[in-house]
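Notes follow the structure.
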Amino acid sequence: MLASVWEIGRIGFALVISSLLLGACGDDSGAGTGVDASAADVRFTELYQNVLHKRCADAVCHGGGAGNLDFTTQAKAYAALVDTQADGPDCKSSGLTRVVAGKPNESLMYEKLSPTPPCGRRMPLGNVLSTSETAMVREWIAGGAPND
């Protein structure tokens with residue numbers, strides 16, 4: 001009897017641990033991080049306010065026109081990104097499009113967030129985006145890169 005109680009307890013413990021581990025291996029949508037990265041929900045206003053303006057639009061980066069990108073206003077940022085060919089000194093010759101709506105893996109903007117971008121350096125310089133910020137970029141592009 002004691003062996004079977006021990007065995008049941010051990011199986012129960014394994015199930016609890018498995019459930020916790022599976023729950024931690026979510027879809028990386030930013031849940032619980034304060035950033036909602038659901039493709040149906042991410043709008044450009046949210047992305048601009050929470051990521052681009054805060055992390056990319058300072059005077060020495062895209063707030064100053066680095067890479068021929070102007071993020072000083074939301075309208076300028078959107079126009080510089082969606083369906084626009086790369087025009088910065090390191091990526092102009094790549095022929096890549098900054099944002100291909102619905103296709104994050106074909107979008108230079110998303111690829112520049114990886115440790116090994118296809119041209120130029122990883123962005124943002126010096127302080128990479130968090131997992132939830134990167135997920136927000138990906139999901140905005142995957143959701144069709146809507147402008148609101």
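The values are calculated or read from the model by the stated rules, or taken from the named source; none is laboratory data. Source: prediction; values computed, not measured. Counting neighbours? That spans all protein chains shown, and the Cβs are built from the backbone with ideal geometry, glycine included.
Answer yes or no: is there a residue in region 83-101 that is in a helix (DSSP H, G or I) and under 19 Å from Arg43 (Cα atoms). No, there is no match, as no residue in region 83-101 is in a helix (DSSP H, G or I) and under 19 Å from Arg43 (Cα atoms). The set of residues in region 106-148 that are within 15 Å of Cys61 (Cα to Cα) and either hydroxyl-bearing (Ser, Thr, Tyr) or in a helix (DSSP H, G or I) (or both) contains only Met109. Considering Glu106, Glu133, Glu139, Glu111, the condition of being more than 22 Å from Asn50 (Cβ to Cβ) and modelled with pLDDT of 95 or more is satisfied by Glu106 alone.
Here Lys54 meets the list (1) at pLDDT below 85; (2) loosely packed, with under 15 Cβ neighbours inside 10 Å; (3) not hydrophobic (A, V, I, L, M, F, W, C) almost entirely, failing just condition (1).
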